[in-house]
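Here's the structure we're looking at; comments come further down.
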Amino acid sequence: MIESANANVIIEQDSILYIESLLRKRHIYTESGEYISTESLTYWKNILGKETFCHVNKSTIINIKKVKEFSNTYVKLENVEGTIDIARDRRNEFKQKLLMYLAGQE
């Protein structure tokens, strides 16, 4: 559930593409649109599924299920233009989570 100034919005975790921290607010990008939350990135990291969400840099959490392409320095997600940088110190965690997710899909 995302609390905003006007209303509370309920969204499914699987519809979240990524969450980005910008100007003291968290922008939650989903398949159907963008929502803004005042909750911290740590809050979102703690309540989202640990197997499918990964903190890839200082300001971004991505949904592993939405990864379309990646390298050592960036990740590209389904339905998202551009790329998201992967921090050097988070590469191993990202690769491990992605491999575990892909292994579970077989």
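The values are calculated or read from the model by the stated rules, or taken from the named source; none is laboratory data. Quick caveat: nothing in here was measured; it's all calculated off a predicted structure. For neighbour counting, all protein chains shown are included, and Cβ atoms are generated from backbone atoms with ideal geometry for every residue, glycine included.
One line per residue, one yes/no per condition, for (1) of a type in the set (G, A, S); (2) over 20 Å from E12 (Cβ atoms); (3) within 12 Å of the chain's Cα centre (by Cα):
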position	(1), (2), (3)
G33	yes, no, no
T38	no, yes, no
F53	no, no, yes
I62	no, no, yes
K95	no, yes, no
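If the condition is being of a type in the set (A, V, I, L, M, F, W, C), modelled with pLDDT of 95 or more and out of contact with any helix residue (DSSP H, G or I) (no Cβ under 6 Å at 6 or more places or on another chain), then region 45-60 contributes only F53.
When we screen E51, E78, E31 for residues that are surrounded by 12 or more Cβ atoms within 10 Å (Cβ to Cβ), in contact (Cβ under 8 Å) with a residue 60 or more places away in the chain and of a type in the set (D, E), the only hit is E78.
Only a single criterion out of (1) over 15 Å from R90 (Cβ atoms); (2) among the basic types (K, R); (3) under 13 Å from the mean Cα position of the chain (by Cα) is not satisfied by K25, namely (3).
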